1. Tell me whether the stretch 85-107 contains one or more residues that are surrounded by 15 or more Cβ atoms within 10 Å (Cβ to Cβ), at pLDDT 85 or above and either in a loop (DSSP other than H, G, I, E, B) or among the hydrophobic types (A, V, I, L, M, F, W, C) (or both).
2. Based on this model, can you work out whether V9 counts as surrounded by 15 or more Cβ atoms within 10 Å (Cβ to Cβ) and of a type outside the set (G, A, S)?
3. Just checking, does the stretch 46-57 include any residue being more than 27 Å from Q10 (Cβ to Cβ) and crowded, with 19+ Cβ neighbours inside 10 Å?
4. Any chance you could count how many residues in the stretch 144-161 are within 13 Å of F71 (Cβ to Cβ), in a strand (DSSP E or B) and of a type outside the set (D, E, K, R)?
5. With the condition kept exactly as written, say whether any residue in the stretch 3-11 is β-branched (V, I, T), assigned to a helix (DSSP H, G or I) and without any contact (Cβ under 8 Å) to a residue 40 or more places away in the chain.
6. Consider the stretch 25-60. How many of its residues are assigned to a helix (DSSP H, G or I) and modelled with pLDDT under 90?
7. A130 - would you say it is within 21 Å of I12 (Cβ to Cβ), in contact (Cβ under 8 Å) with a residue 40 or more places away in the chain and among the aliphatic types (A, V, I, L, M)?
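The values are calculated or read from the model by the stated rules, or taken from the named source; none is laboratory data. Quick caveat: nothing in here was measured; it's all calculated off a predicted structure. Reconstructed Cβ throughout: ideal geometry from the backbone, glycine too, with neighbour counts over all protein chains shown.
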Amino acid sequence: MARKRPEPVQVIKQRRDAALSALVHGVPYINFLGIEFDRRGDELTAILPYDDKLIGNPMIPAIHGGAISGFLEVAAVIGLSWATLWDEIERGELDADEIVKGHLPRLPKTIDFTVDYLRSGLPRDAYARAKVNRSGRRYASVHVEAWQDNRERAFAQATGHFLMPRRDG
């Protein structure tokens, strides 16, 4: 019996990028804030492009704390979801094409989310990365750091606990 030839790496990469894009753009709040994600392998970087609507006090000017908090929470939820989905895609339990077709998985629900504002968010693009500290069948803990010009100089960080969605299968 002949073995099926493996797909080219670029085809797999395009499918994963399309799945991530469908996951991100399936949430209206993410679209409202304009958050995008840059994927390098299994690592995601959330990007909050600067927009005047994000400024809280135009006299300072600084990014509104609610926009920062929302950005961090989105980075945590999508980072956690992608880490779970990545494992399922790699094991062959989930077809990335299903996500692209609009069969979006349920996202984790926030139990609590604590934000530390370390300094003002300047009127420029912001970046964030989430680190999953623990992820089980029912519960997950995630830490997120956000920076602007220098990755070593975070302007906000957060820790969140999430209720994981049930996986029917």
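1. Narrowing the stretch 85-107 to residues surrounded by 15 or more Cβ atoms within 10 Å (Cβ to Cβ): 85-86, 88-89, 94, 96, 99-100, 104-105, 107.
Pick out the ones that are also at pLDDT 85 or above and you get 107.
Adding the requirement that they be either in a loop (DSSP other than H, G, I, E, B) or among the hydrophobic types (A, V, I, L, M, F, W, C) (or both) leaves 107.
The answer is yes; a qualifying residue exists.
2. Details: surrounded by 15 or more Cβ atoms within 10 Å (Cβ to Cβ): no; of a type outside the set (G, A, S): yes.
When the stated conditions are applied, V9 does not pass them.
3. Kept after step one, since they are more than 27 Å from Q10 (Cβ to Cβ), are these residues of the stretch 46-57: 48, 50-57.
Among the residues that remain, those that are also crowded, with 19+ Cβ neighbours inside 10 Å are: 48, 54.
Scanning the stretch 46-57, I find at least one residue that is more than 27 Å from Q10 (Cβ to Cβ) and crowded, with 19+ Cβ neighbours inside 10 Å, so the answer is yes.
4. Of the residues in that region, 7 qualify.
5. Of all residues in the stretch 3-11, those β-branched (V, I, T) come to 9, 11.
Checking which are assigned to a helix (DSSP H, G or I) leaves us with 9, 11.
From the residues that got through so far, the ones that are without any contact (Cβ under 8 Å) to a residue 40 or more places away in the chain too are 9, 11.
Yes - at least one qualifying residue is present in the stretch 3-11.
6. Of the stretch 25-60, the ones assigned to a helix (DSSP H, G or I) are 25, 28-33, 52-54.
Now drop any that are not modelled with pLDDT under 90, which leaves 25.
Residues meeting the conditions: 1.
7. Details: within 21 Å of I12 (Cβ to Cβ): no; in contact (Cβ under 8 Å) with a residue 40 or more places away in the chain: yes; among the aliphatic types (A, V, I, L, M): yes.
No.
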